[in-house]
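First the structure, in the form of structure tokens, and then the observations on it.
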Amino acid sequence: MIVSFSVCQRDEANALATLEWAYVLDGLLPYRAIVSLAAGVDAARITAAAQKLFRAVTVLPSEAPEAWPQGKNATFQNLVRWLDLQHNTEPFFWWEPDAIPLKRNWLAMIEAAHKAGGQPFSGYIYDALGSMDCVGVYPPDFMSYSPLNGMLCRAAPWDACAKLEVFPHVHRINHLLQFVNDVDGFPPTFGDDLSLLRPDVVLFHKSKDGSLVQQLSKGKVERFMGKMFGIANRQEPKANREKITVVFPVCAKDIDQAIHHAKWLGKMKGCSNHKAIIAHDGECPVTKAQDLYGLLEGAFQSVARFVYPTPQEKSYPAAANWAFARVAEYMGHGSAPWLWLESDCVVLKANWLDTLQREYDDAGQPFMGPVVKERGYGHVNGSCVYPADTVRRIPRALRQSKVAFDYAMREEVNGDCHDASHLIQHIWGVVNGQPSQTNGAQPPEKITREQARRWVLPSAVVLHRVKDNSLTDLLMQGELK
């Protein structure tokens, strides 16, 4: 049996953790692997991890699009055609980065069950849909079973399109494989409680946030989770802990403002010891994202891009919540705290990030940001510092689409947040010429020098929220010294 393992850019961190964990379980596996790599993936690191795990590895570059399910379909179809050209006669196991091995000899047990079943396909039967989950064993002549629905589909996943042709030929191995699509409408995430896992299964699909590997490995897996993350011990002394990574979430509507602000950051050059990530969906203009990347590259130690799936619901707060949740999942693959710096945040001083880092280290709390005290709200504004394990800490808030995520997480964050309102100043609007944290129909705009000098706290290093470039222009012109 051949093992197929496909990796796209947004799955890269999860893929590295899954491969490393599989090696911890079994060491070298006596299987040949075909590793499909999409554009933008760090091929050297993925290949090295696969070569440590499998006896032989063939790398198959993929030109598949990033969008789902188009990219997944194209990668699968490309693999099937390539194996056919090689005159392959072995079945292949389609394995994805979010399918996590649970026990030693997991792959051998799946192969043995497939051979005993006597069917061309073996997998988890999803009874509600009458189909086989995509992670499973496939015959070498898959094209003969579904030449059109499986091999030419684009807008819907191949396992759904080909289910009527495949289902009669599937050996059910639900006793070995477990598939959970969501829990309360959200991909499953794991803390110390692993009761969701059935005791008999050897492979769980799907765990997209790295939490299951984290819990299973209990520190045995070195978390090389993407080029922006390093090896870190969460118990290290403060001086050796990872520094805050700055996340720049942008979209088509606000990337121009982010670009303008990045010019100011480059002029200050005060972030050289920190890393940055640009996070956006597939609808954000590529050329503008590249411009932002180039500007930030001159200001930070390193810059990476994370492209997340485009949200189906584009209204506020659903789209913003979606973006934040995807980034939280992604950052959970590493161990660095991160600052959610939206495009309407303005950095005020050259030493801003070092100041935030010192405050965060001294405070000793996982969250740090401006607590909104007006009208008894009591929640931390979303433009704040988050711990690497945010997904574990605020699972209910990350499922929310009707209420802004920062307000939704107030109960889950309660007691774990250091109030840094003196450093990260939050202004929602202006009432009678004065800034307010909760009132005012419109955010501050067309800010004059006099207004800025009245409104901005002397201790503040970041101000949220300004929806135009007026404050940044004043800073670039030296008007607020």
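The numbers here are math on the coordinates, done by the rules we state, and not lab data. It should be emphasised that the depicted structure is a prediction, and the values quoted were computed from it without experimental measurement. Don't worry about glycine lacking a Cβ; one is built from the backbone with ideal geometry, like all the others, and counts go over all protein chains shown.
Per the helix-only calculation at 222 nm, which mean residue ellipticity applies to the chain, given -39500 (n - 2.57) for every DSSP H run of n ≥ 4 and division by its residues, nearest 500 deg cm²/dmol?
On the way: 17 runs with 151 residues, N = 481.
Calculated mean residue ellipticity at 222 nm is -9000 deg cm²/dmol.
What's the local net charge at Leu37, with K and R +1, D and E -1, over the other residues with C-beta under 12 Å away?
On the way: positive: Arg45; negative: Asp11, Glu12, Asp42, Glu63.
Once all neighbours under 12 Å are counted, the net charge is -3.
Only bridges with both residues in region 2-217 count here: give the DSSP antiparallel percent, nearest 5. Mind showing how you got there, number by number?
Working: 11 of 34 bridges.
Among the beta bridges of region 2-217, antiparallel pairing accounts for roughly 30 percent.
Stick to the Cα atoms of region 2-217, pair each with every other, and give me the Kirkwood hydrodynamic radius in Å at one decimal.
Details: mean 1/r = 0.0576 Å⁻¹.
Taking every pair of different Cα atoms in region 2-217, averaging 1/r and inverting gives 17.4 Å.
How many percent of all Cα-Cα pairs in the chain sit more than 42 Å apart? Don't skip to the answer; put the middle values down first.
Details: 26002 of 115440 pairs.
Counting pairs separated by more than 42 Å, the tail of P(r) holds 23 percent.
Suppose every K and R has +1 on its Cβ and every D and E has -1 on its Cβ; what is the size of the dipole of the chain about the Cα centre, in Debye to the nearest 20?
700 debye
Compute the signed sum of charges (Lys and Arg +1, Asp and Glu -1) over the other residues within less than 12 Å, Cβ to Cβ, of Ala279.
Values: positive: Arg10, Arg305, Arg326; negative: Asp281, Glu329, Glu342.
Around Ala279, the surrounding residues sum to 0.
Out of all DSSP beta bridges in the chain, what portion is antiparallel? Express it as a percent rounded to 5.
Numbers: 21 of 65 bridges.
Taking every DSSP beta bridge with both residues in the chain, the antiparallel ones total about 30 percent.
Give me the number: length gained by fully extending Val59 to Ala441, i.e. 0.36 nm times residue separation minus the C-alpha to C-alpha distance, one decimal in nm. It would help to have the intermediate numbers written out before the result.
Values: separation 382, 0.36 × 382 = 137.52 nm, distance 5.48 nm.
Here the answer is 132.0 nm.
Which part of region 46-63 falls in the paramagnetic zone of Val286, meaning amide N under 13 Å from the point 7 Å along Cα-to-beta-carbon?
63
Ser144 versus Ala116, label points 7 Å from Cα toward the beta carbon: distance in nm?
Here the modelled spin labels are 2.7 nm apart.
If you put +1 on each Lys and Arg Cβ and -1 on each Asp and Glu Cβ, how big is the dipole of region 238-476 around its Cα centre, in Debye rounded to 20? Intermediate values should be presented prior to the final figure.
On the way: 28 positive and 26 negative charges, 34 e Å.
Dipole size: approximately 160 debye.
For the chain, can you list the cysteines whose C-beta has no other cysteine C-beta under 4.7 Å from it?
Cys8, Cys134, Cys251, Cys271, Cys284, Cys345, Cys384, Cys417
Provide the net charge surrounding Lys72, with neighbours chosen by a C-beta distance below 14 Å and charges set as Lys +1, Arg +1, Asp -1, Glu -1. Provide the component values of the computation, followed by the final result.
Working: positive: Arg10, Arg154, Lys206, Lys208; negative: Asp11, Glu63, Glu66, Glu96, Asp98, Asp133, Asp159.
So the environment of Lys72 carries a net charge of -3.
Where the only charges are on Cβ atoms (+1 Lys, Arg; -1 Asp, Glu), what is the dipole of region 79-193 about its Cα centre, to the nearest 20 debye? List each step's numbers first, then the result.
Numbers: 7 positive and 14 negative charges, 77 e Å.
Computed about the Cα centre, the dipole is about 380 debye.
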